[in-house]
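A.B. asks: Take a look at the following structure, please.
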Amino acid sequence: MKNLSGNEVRSLFLKYFEERGHMVEPSASLVPHNDPTLLWINAGVAALKKYFDGSEKPKCNRITNAQKSIRTNDIENVGKTSRHHTFFEMLGNFSIGDYFKDEAIPFAWEFLTGEDWIGFEKERMYITVYEDDDRAYDIWTKVCGVDPSHILRTPNNYWQIGEGPSGPDTEIFYDRGEKYDPEGLGERAFFEELDNDRYIEVWNVVFSQYDAKEGVDRKDYKELPQKNIDTGMGLERLVCLMQDGETNFDTDLFLPYIHATEKMAVKKYEGDNKMSYRVIADHVRTVTFALADGALFSNEGRGYVLRRLLRRAARYARKIGINGAFLHELVPVVVDNMKGFYPYLTDKCAYIQKLVKAEEERFVATLNEGEKLMNNVIAENKGKTTVISGETAFKMYDTYGFPYELTLEMAEENGFTVDEDGFKAEMEKQRQRARDAREDAESMGSQAIDLMNFEEKSEFVGYTERTCTAKVIGLFVNGVKTDEFDSVGEAIFDKTPFYATMGGQECDNGVVVANGFKGNITDVRKAPHKQGLHKVEVLEGTLKVGDEVTLTIDSARRNATCANHSVTHLLQSALREVVGTHVQQAGSFNCEEYMRFDFTHFEKISDGDLKRIEAIVNEKIAEHLDVITEVMDVETAKTSGATALFDEKYEDDVRVVSMGEFSKELCGGTHVKNTAEIGMFKIITEESVGSGIRRITGKTAMGAYQEFKDMEAMLWRLASAFKSTNIESVEKRVEMLLAENTEIKQANGQLNSKLLAFEADELVANTVDYNGVPTLVVEKSGMDVNSIKNLVTTLKNKAKSVVVFVISSEEDKVTFVSGVTSDLNAKGIAAGNLIKEVCSLCEGRGSGKPDMAQGGAKDINAVKNAIEKVLSNLSK
C-alpha cells in the first residue's frame, strides 16, 4: 500500500479515470443550482442529475469527479463514530449509457489493488454482490480473481428509490486486521454484516439497469434501454485506510484542525475529549466550504444548518476549555490544507473568517441572553416543581438558539430535571411541520402538468426587436391547456420580444393585437421548457391557437428597466474597487422604478465610501462607455475576466456584457447601448438584509433626478422656515442652531451641577449600609454624562467612604455612573466591576476604572433592580 496524503489520493483517483477516457467534472457548488429538491449537494451523482435525467447531454458519456458534499441528517453521530461527517468528498466514476459491469468492476479492482495505484493487498479485499447478480459474481471471481470465500451474496445489495431506474450494486470492503477486532469476531463480522471497525466498506458500484414499478416483483422489472454506472467512494474513508488512522479523523484531512484546536484548548486530544475535537474539526470544514460556496448564516434552510453546526462546535469547545469566539481562527487552517484542489478558498478566506467571527460573537450574546432566560425560568419554578417542561426547553432551543445540552446543565446545577420526552415530542412536531410544508410545495408543482408537457420551441428576439409578428402556439388557463380564451390566460408564441422575469430583471409589459383581438400583456415568466409564458388580459375579442398576432413591448418601461439593470453592473465594479474584491453578487432586482443589488460584505459601508461608489458610477455614465454584448463559450468568457455568479451553472454559450474596460459580466438580461443612456445614478439606501449580506437600492435617469428634486424641495422648505431667500444658507443656519443648543445644554448642565452640589449634603444623608459597606443610590432625570460624573465625585468627597450610583434617564436611554472611594478600593470593591455586573443583569453595556465607571441601558426599572441586586452582594 502506498503512503499518500489525502490530496495525493484525490488526484490519483481522477488521474486513473481520466487516463481511461473519462471527462473530469469539476466539483460543483455545495449550494444546488436550479434544484429545489436538495438543500445541499449530498453525493457525487447529485451534481450530475442533469446528465442522468436527460435534461442535458454531457460532452463525454464517461465522467469522473471528486464532489464536495454535505449531509446533516445524522449530525448527532458526528464525533461519536469513526466515519460520520457533515462535509465529505465523494470520489466517483460514472457511465451514461457507455460501459457497464464488464468494465466498471475491473476499473474499481485495478485502482484499489494495482501496484501503480492504491496497492491494497488483494487477500484483504472482501466483496458483496446482489444475490441474483450472477454476472457481477462471475466478473469478481473469474476476471478479477477474487477468492469466492471472500464474497457475500445478499438480497440487500439492490439500489432503488421508489419507481424508476434501479439495479443491483456491489460493495468493496477492506479488512483492517485483528487490531480493529477487539471482540475476536473474525470473518463473522463481515458475513453476518455486524457493525464493526475491521471490515470497512470502501466503494459502492451501482448498476442502474432496471425500471422499478410499484406492485411489481423485482424479478419482473423490465430492463432499461440505457444502462448506467454510478459509483461512490468516500475520500476520507479511503485515506483513513491508507494512513492507518484509528478513525477518519486521525488523518491529514483532519489532524491539522485538531492540532490547531489543541493550542487553544485546556484539555488535550485524548480519551473522552476526542469527541469534542472531532466535532470541531468536522464542523469547521463544513462551515468554511459552505460559506465559500455562497451559503450564509440565517434562521432557515441551509443558513440554519450552518448556524446549528457553528453553535454545536462552540458547545463542544466549552467542554475542552475554549470559551468565546475561536472557530474563525481555524478557517485559515482549513484553507491552507485544502487550497491545492480548491484554490478559490484562498481569495475567500478573510471574508469567511469575518462571517464566522461575527456569528460566533452573536452566539456568545445568545448564550448570555439564554442563561438569563434560564435563570428566570428556574426562579419562577423554584418551590413549584423540579421539572422544566419539554415545551420550555424546546422554546429555549428553537426561539432563542440556546442549546438543549446547556439547558440540561443549568437545570441540573439548580436541582431541576428536564422533560426530555416532551422536548423530543416538540422536535417531532417541528419536523412534521417541515414535512407538511414540503408536501404542500410538491403538490403545488403538480398542478401544471400541461405546461410540463408543452415542448414546442419559442424564440426570444427582444435583444434586437421591440415589436414583431408571431404565431400563437400554446394557450393555458390556470396551467390547463386550451384552444382559446376571452378573459385572462397565458400564451406562448413562436417568437417574442417580451423579456421574461429572470436573472433579477423584471419582465416587459405591452400589448398583443390581431384581427379582431386586443389584449394587454401584464406578466411574462419562463415555462418549464424555457419558453416565454405571457399573461394576457383580454380587452376585446378571443385569442386562439394558430392566430397571427403583433407583439409590442412598452418601450418606456424597457428603457427604464435597462438603465436600472445596466447600472447594477457599474455598481458591482465600483463596490469591488472601493470596498474590496471579496464583494460578490448575492441577488438583484431591476424594474422600471428602481434597482436593488445584494452583495456579500460583513459591515455597514461608511458614508464616505458610499459617496465614492456613487461618484465612480456617475463618472462611468458621463464617460459615454459603449455597452458591448458578445456571445462566446463559457470557459472563454471566464478566462477573459468576465465576472460570473459563483454558483451559477451556465450554458455552453453565454452572453458577455462589457462597459468599456470598467465592467465585464456574464449576463442574459437587456441593457442600454451606451452608459450615457443611464442618465444619472443615485443611491437611496444601504442596509443589511442578513448575516454577511448588504443591499443597495438606487435609481437612475428621471427616477434619480426626481430624488434630487425632492431633496432640493426639502431644503427650500427649511430655508423658508429660517426666513432665508436661498438654500445655500441652510447648512450654516443649522450649524448655528446646533452650536447654540450645545451651549445651552452645557450651561444647563453647569447650573444643575451647582444646584446638585448644594443638595449633596442632603443626598449623603441617605447613605445605606449594605453588609457593612456604605452605599448611596441617586436618581436624577435629564442629566448629561459629565454632570453625572461631577455629582458622583462630589458625593464621594462629601461621604469620604462610600459606593455611589447615580442614575439618569431620558426617553429610552438610561445612563448610570458608579463611584467608589479609595478606602473601599483597597478592600477589593471596584466601580468597573460593579458596572459590569449591573450591565450583565439589565442588558446594558459599560466599563471603567476602580474609582469611577459608567454604563448605559434602555430599561430604568431593570437598571435599578440590577443595582440593588449587585449592592446586596457587596460583601461577597
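A.B. asks: If packing is taken as the average number of other Cβ atoms within 10 Å across a peptide's residues, how do 700-707, 273-280 rank, most packed first?
C.D. replies: Values: 700-707: 18.8, 273-280: 22.5.
In decreasing order of mean packing, 700-707, 273-280 become 273-280, 700-707.
A.B. asks: Once the whole set of protein chains is in place, how much accessible area is left on residue 708, using a 1.4 Å probe, in Å² to the nearest 10?
C.D. replies: Estimated to the nearest 10 Å², residue 708 gives 80 Å².
A.B. asks: Sticking with this one: Just to be sure I understand: of the beta bridges DSSP finds with both ends in the chain, what percent are antiparallel, rounded to 5? Spell out each step's value before the answer.
C.D. replies: On the way: 125 of 142 bridges.
Once the DSSP bridges in the chain are tallied, antiparallel ones form about 90 percent.
A.B. asks: Please name which of 478, 785, 654 has its Cα lying farthest along the dipole of the chain towards the positive end, using unit charges on Cβ (Lys, Arg +1; Asp, Glu -1) and the Cα centre as origin.
C.D. replies: The residue sitting farthest along the positive end of the dipole is 785.
A.B. asks: Hey, what's the per residue convex hull volume over the C-alpha atoms of the stretch 607-725, in cubic angstrom? Don't skip to the answer; put the middle values down first.
C.D. replies: Working: hull volume 17.7 nm³, N = 119.
For the stretch 607-725, the hull spanned by Cα atoms encloses 148 Å³ per residue.
A.B. asks: Right, another one. Enumerate the calculated ³J(HN,Hα) couplings along the stretch 600-608 in order (Karplus 6.51 cos²θ - 1.76 cosθ + 1.60, θ = phi - 60°), each rounded to whole Hz, writing x wherever the residue is Gly or Pro.
C.D. replies: For the stretch 600-608, the Karplus curve yields 7, 6, 9, 8, 5, 7, 5, 4, x Hz.
A.B. asks: Right, next: For the chain, give the percent of accessible area contributed by carbon and sulfur heavy atoms, probe 1.4 Å, rounded to a whole number. Provide the component values of the computation, followed by the final result.
C.D. replies: Details: 20190 of 42710 Å².
Percent of accessible area from carbon and sulfur atoms in the chain: 47.
A.B. asks: Shape call for the stretch 771-854 from the C-alpha gyration tensor, a ≥ b ≥ c root eigenvalues: rounded (a/c under 1.5), prolate (a/b greater than b/c) or oblate? Let's see the in-between values first.
C.D. replies: Details: a/c = 2.00, a/b = 1.34, b/c = 1.49.
Taking the square roots of the gyration eigenvalues as a ≥ b ≥ c, the stretch 771-854 is oblate.
A.B. asks: Once you order the gyration tensor axes a ≥ b ≥ c over the Cα atoms, which shape class does the stretch 452-587 get: rounded for a/c under 1.5, otherwise prolate or oblate by comparing a/b with b/c? It would help to have the intermediate numbers written out before the result.
C.D. replies: Numbers: a/c = 2.87, a/b = 2.10, b/c = 1.36.
Judged from the Cα gyration tensor, the stretch 452-587 comes out prolate (a/c at least 1.5, a/b above b/c).
A.B. asks: Which of 68/339; 348/611; 357/395 have a Cα-Cα distance over 19 Å? The partial results should precede the final answer.
C.D. replies: Working: 68/339 13 Å; 348/611 26 Å; 357/395 26 Å.
Correct reply: 348/611; 357/395.
A.B. asks: Under 11 Å from the Cβ of residue 152, count the other residues' Cβ atoms, weight Lys and Arg +1, Asp and Glu -1, and hand me the total.
C.D. replies: -4
A.B. asks: If you don't mind, there's one more thing I want to ask. What number does the stretch 505-573 give for Rg over Rh if you use C-alpha atoms and the Kirkwood radius?
C.D. replies: 1.09
A.B. asks: Under a 1.4 Å probe, what is the accessible area of the chain per residue, stated in Å²?
C.D. replies: Values: 42710 Å² over 876 residues.
Solvent-accessible surface per residue comes out at 49 Å².
A.B. asks: Treating cross-link reach as a plain straight distance, find the lysines whose alpha-carbon is under 19 Å from the alpha-carbon of residue 80, omitting any fewer than eight places away in the same chain.
C.D. replies: Within reach: 267, 268, 274, 319.
A.B. asks: Moving on. Applying a 10 Å radius around every beta-carbon, put 238-248, 117-127 in order of their mean neighbour count, most first. Intermediate results must be reported in sequence, preceding the final value.
C.D. replies: Details: 238-248: 20.2, 117-127: 17.7.
So the peptides 238-248, 117-127, ranked by packing, come out 238-248, 117-127.
A.B. asks: Which value results when the Cα radius of gyration for the stretch 728-834 is divided by 2.2 N^0.38 Å? Each step should come with its number before you reach the end.
C.D. replies: Working: Rg = 17.2 Å, N = 107, 2.2 N^0.38 = 13.0 Å.
Taking the Cα Rg and dividing by 2.2 N^0.38 Å, one obtains 1.33.
A.B. asks: Now for a separate question. Which listed residue (324, 254, 266) has the Cα farthest towards the positive end of the charge dipole for the stretch 191-324, taking +1 on Lys and Arg C-beta and -1 on Asp and Glu C-beta about the Cα centre?
C.D. replies: Going by the Cα projections, it comes out as 324.
A.B. asks: Right, something else. Which value in Å does the Kirkwood hydrodynamic radius of the stretch 162-203 take, with 1/r averaged over all unlike C-alpha pairs and then inverted? Mind showing how you got there, number by number?
C.D. replies: Working: mean 1/r = 0.0851 Å⁻¹.
11.7 Å is the Kirkwood radius here.
A.B. asks: Let me know the charge dipole size of the chain about its Cα centre in debye, to the nearest 20, where only the beta-carbon of Lys, Arg (+1) and Asp, Glu (-1) is charged. Intermediate values should be presented prior to the final figure.
C.D. replies: Numbers: 107 positive and 143 negative charges, 630 e Å.
With only Lys, Arg, Asp and Glu charged at Cβ, the dipole is about 3020 debye.
A.B. asks: Additional query: Treating only the Cβ of Lys, Arg, Asp and Glu as charged (+1, +1, -1, -1), what charge dipole size does the stretch 186-257 show about its Cα centre? Round to the nearest 20 debye. Let's see the in-between values first.
C.D. replies: Values: 8 positive and 17 negative charges, 86 e Å.
Using Cβ point charges on Lys, Arg, Asp and Glu, the stretch 186-257 gives about 420 debye.
A.B. asks: So if I average 1/r over every pair of distinct C-alpha atoms in the stretch 215-257 and take the inverse, what Kirkwood radius in Å does that give?
C.D. replies: Working: mean 1/r = 0.0729 Å⁻¹.
About 13.7 Å, per the Kirkwood formula over Cα pairs.
A.B. asks: Sequence-distant or interchain residues sharing an amide H contact under 5 Å with residue 693, placed H: which?
C.D. replies: Answer set, sorted by chain and number: 601.
A.B. asks: Got a sec? What order do 338, 502 fall in by accessible area at 1.4 Å, biggest, i.e. largest, first?
C.D. replies: Details: 338 0, 502 75 Å².
These residues rank, largest area first, as 502, 338.
A.B. asks: Any chance you could get the radius of gyration and Dmax over the Cα atoms of the stretch 477-527, in Å?
C.D. replies: So, for the stretch 477-527, Rg and Dmax equal 11.7, 36 Å respectively.
A.B. asks: Mind checking which of 818, 66, 221 is farthest towards the positive end of the chain's charge dipole, using Cβ charges of +1 (Lys, Arg) and -1 (Asp, Glu) about the Cα centre?
C.D. replies: 818
A.B. asks: Arrange the peptides 482-495, 153-166 so that the one whose residues have, on average, the most other Cβ atoms within 10 Å appears first. The partial results should precede the final answer.
C.D. replies: Numbers: 482-495: 17.2, 153-166: 14.8.
Top to bottom by mean Cβ count within 10 Å: 482-495, 153-166.
A.B. asks: Direction-averaged shadow area of the convex hull around the Cα atoms of the stretch 678-741, nm²? Intermediate results must be reported in sequence, preceding the final value.
C.D. replies: Working: hull surface 27.4 nm².
Reported value for the Cα convex hull: 6.8 nm².
A.B. asks: Rg and Dmax of the stretch 701-773, using alpha carbons, in Å: what are they?
C.D. replies: Expressed in Å, the Cα Rg and Dmax of the stretch 701-773 come to 24.5, 73.
A.B. asks: If you average 1/r over all unlike Cα pairs in the chain and invert the result, what Kirkwood radius do you get in angstrom? Walk me through the intermediate numbers first.
C.D. replies: Numbers: mean 1/r = 0.0301 Å⁻¹.
It works out to 33.2 Å.
A.B. asks: Within a Cβ distance under 11 Å of residue 707, other residues only, what is the Lys/Arg minus Asp/Glu net charge?
C.D. replies: After counting each charged neighbour, the total is +1.
A.B. asks: Could you tell me whether the stretch 593-656 comes out rounded, prolate or oblate from its Cα gyration tensor? Rule is a ≥ b ≥ c as square roots of the eigenvalues, rounded for a/c under 1.5, then prolate if a/b exceeds b/c, otherwise oblate.
C.D. replies: Details: a/c = 2.57, a/b = 1.54, b/c = 1.67.
The shape class here is oblate.
A.B. asks: Which of the trypsin sites (Lys or Arg not before Pro) found in the stretch 370-434 are in a DSSP loop and have at most 11 neighbouring Cβ atoms, other than their own, within 10 Å? All intermediate terms of the calculation are to be shown ahead of the outcome.
C.D. replies: Numbers: sites: 372, 382, 384, 395, 424, 429, 431, 433; in loops: 382, 384.
Counting only loop positions with at most 11 other Cβ atoms within 10 Å, the trypsin sites (Lys or Arg not before Pro) in the stretch 370-434 are 384.
The values are calculated or read from the model by the stated rules, or taken from the named source; none is laboratory data. Because the structure is predicted, anything quoted here is derived from the model rather than measured. Quick reminder, even Gly has a Cβ in these numbers, built from the backbone with ideal geometry, and neighbours come from all protein chains shown. Accessible surface areas use protein heavy atoms only, side chains included; no ligands, DNA or RNA. Shrake-Rupley method; radii C 1.70, N 1.55, O 1.52, S 1.80 Å.
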